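These notes are about the structure you will find just below.
What follows is calculated from the coordinates using simple rules that are stated; it is not laboratory data. Bear in mind the structure is a predicted one, so any value in this text is a computation, not a measurement. Glycine gets a Cβ as well: all are built from the backbone with ideal geometry, and neighbour counts include every protein chain shown.
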Amino acid sequence: MKVSIIGATGYTGEELLRILAAHPAVEIVYITSENQTGQNINQVYPHFKHVHNKTLVSMSQIEEIAQASDVVFLGLPHGHAMAAGKKLLAAGTKVIDLGADYRFSDIEVYQKWYKVQHIHADAPSVYGLPELYRSKIKDASIIGNPGCYTTASILALAPLVKYQLIDLNSIVIDAKSGVSGAGRGLNLTNHFTETFENVRAYNIGGHRHTPEIEEQLTKQAGVEVVVTFTPHLIPMARGILSTCYGNLKPDVTAVDVNQAYENMYGNEYFIRLLGLGGYPATKNTRGSNFCDLGWHLDSRTGRVVAVAAIDNLVKGAAGQAVQNLNIIFGLDEKTGLGQVPLYP
């Protein structure tokens, strides 16, 4: 498969290049950067020396990129992928967008939260969470690759809402992310001296992943779901830990909860069920496409606590995008994604 990456110098673009270096069915034909056009990728990222030797071009060459590529990954900020997506789709090229522009079924919700006019509202996009939408992804021409907080939170909660085990008005999500989730751009709050030995909440009640989580959980539940979502920045490079709370419905037992997770994920390779009493940890998924899930029943409060750990740059971004690539082209989903988590 001939693959190009538009926006290859951000952290997700870099992670795509790292993963695709081990993919036996991929040839990278174009990589782009508007700020570093003309440079070799291993000048920008020296760890790619002897691995990748491509020169970065401008996305102004998009027609040429489309003609040369079977699939194009878009690693652009929200609001910038739609124009590219339109052109690529018109050329018959498959598109996997790692930003937010193609994640929403309800375009008005996207516009409300992202403050951007959607210019490709008729795009036949599919939400790219394979464990929930594999059959739709298979025939899709454009994928909205899920966000990192959303991947962890949706996977943790989907069995509980799908099987009606919790009060849908009681969901609280407490999630923590490594600093790479904020991207590669310069920002004072992400500097070492600001993050080291520091944990802080941010965007309480207003984080843009909130409506994405709500839309997908609503689809699983069949009725509207509204959540309280609070993200935190923690002093590590990568990883997401999402701790999700819900009030159990009367007479729901541990057996019911265990069965719900087994029914949804028992045959999923990239979801590792740690079961009742399990404690997922970000270090156990670092550098891999795995999502570790564990859950606990608090009999004193009548709540279930579901915990998910992922690598925000892999299962929360580039790894999941490659998983979607494999599904679209009929390959084993694990192709190119055999990385064992880095430890310690």
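Observations on the structure shown:
- Taking Cα centre as origin and charging only the Cβ of basic (Lys, Arg, +1) and acidic (Asp, Glu, -1) residues, the dipole magnitude of segment 149-313 rounds to 360 debye.
- Under 5 Å, built H, 5+ apart or other chain: amide partners of Ile143: Val95, Ile96, Asp97, Val126
- Under the Karplus curve 6.51 cos²θ - 1.76 cosθ + 1.60, θ = phi - 60°, whole-Hz ³J(HN,Hα) for segment 294-305, x wherever Gly or Pro sits: x, 8, 9, 10, 9, 5, 5, 9, x, 10, 10, 10
- Over the Cα atoms of segment 98-187, the radius of gyration divided by the Kirkwood radius equals 0.99; this is the Rg/Rh ratio.
- Whole-number percent relative contact order across segment 59-200, with pairs defined as alpha carbons under 8 Å at least 6 apart: 18
- Lys, Arg +1 and Asp, Glu -1 on Cβ, resulting dipole of the chain about Cα centre, debye, nearest 20: 480
- Cα centroid separation - segment 130-166 against segment 190-210, whole Å: 25
- Extension gain, Thr55 to Val255: 0.36 nm times the residue separation minus the Cα-Cα distance gives 66.5 nm.
- One Cα centroid belongs to segment 36-112, the other to segment 214-233; the line between them spans 28 Å.
- Virtual paramagnetic centre 7 Å along Cα→Cβ of Asp332, amide N under 19 Å, in segment 289-308: 289-291
- Segment 149-313: relative contact order in percent, alpha carbon pairs under 8 Å with at least 6 residues between: 30
- Sequence-separation-based contact order of the chain, relative, with Cα cut under 8 Å and 6+ spacing, percent: 17
- By the Kirkwood approach, averaging reciprocal distances over each pair of separate Cα atoms, segment 207-303 gets a hydrodynamic radius of 15.4 Å.
- Candidates Lys162, Lys115, Lys334, ranked by Gaussian network fluctuation over the chain, Cα under 10 Å, top entry: Lys115
- Exposed chymotrypsin sites (Phe, Trp or Tyr not before Pro) absent - longest run of the chain, DSSP non-H/G/I/E/B, at most 15 other C-beta within 10 Å: 1-195
- Point-to-point label distance, Val223-Glu262, nm (Cα→Cβ direction, 7 Å offset): 2.8
- Relative to the longest principal axis of the Cα atoms of the chain, the long axis of helix 319-328 lies at roughly 80 degrees.
- Within straight-line cross-link reach of Lys176, lysines at Cα separation under 21 Å, skipping those fewer than 8 residues along the same chain: Lys283, Lys315
- Under 14 Å from the Ser170 label point (7 Å along Cα→beta-carbon), backbone N, segment 256-292: 257
- Segment 149-313: antiparallel DSSP beta bridges as a percent of all, rounded to 5: 70
- Rg/Rg_globular for segment 2-123, with Rg_globular taken as 2.2 N^0.38 Å and Rg from C-alpha atoms: 1.07
- Checked against a 31 Å cut-off, the cross-linked pairs Lys2/Lys162; Lys86/Lys162; Lys54/Lys86; Lys49/Lys138 give Cα-Cα distances beyond that limit for Lys2/Lys162; Lys86/Lys162; Lys49/Lys138.
- By DSSP, the beta bridges lying fully in the chain are antiparallel in about 45 percent of cases.
- Each of Ser135, Ser288, Ser58, Ser69 was scored by other Cβ atoms within 10 Å of its Cβ. Arranged with the fewest first, they read Ser135, Ser58, Ser288, Ser69.
- Expected-Rg normalisation [2.2 N^0.38 Å, Cα atoms] applied to segment 149-313: 1.03
- Signed unit charges on C-beta, dipole axis of segment 149-313, positive-most listed residue His191, Pro159, Leu217: His191
- Along the axis of the charge dipole computed for segment 2-123 (Cβ charges of +1 for Lys and Arg, -1 for Asp and Glu, origin at the Cα centre), the listed residues Gly7, Leu89, Gln43 are led at the positive end by Gln43.
- DSSP-defined antiparallel bridges as percent of all bridges, segment 2-123, nearest 5: 5
- Global size of the chain as Cα Rg and Dmax, reported in angstrom: 19.6, 64
- Placing R0 at 25 angstrom, the Cβ-Cβ distance between Glu108 and Lys136 gives a FRET efficiency of 0.70 after rounding to 0.05.
- Square roots of 5 times each gyration tensor eigenvalue, C-alpha, segment 273-318, largest first, Å: 25, 9, 7
- Counting other Cβ atoms within 10 Å as a rough exposure proxy, the listed residues Arg18, Arg303, Arg238 run Arg303, Arg18, Arg238 from fewest neighbours to most.
- Segment 242-344 - charge dipole about Cα centre, Lys and Arg +1 at Cβ, Asp and Glu -1, debye rounded to 20: 300
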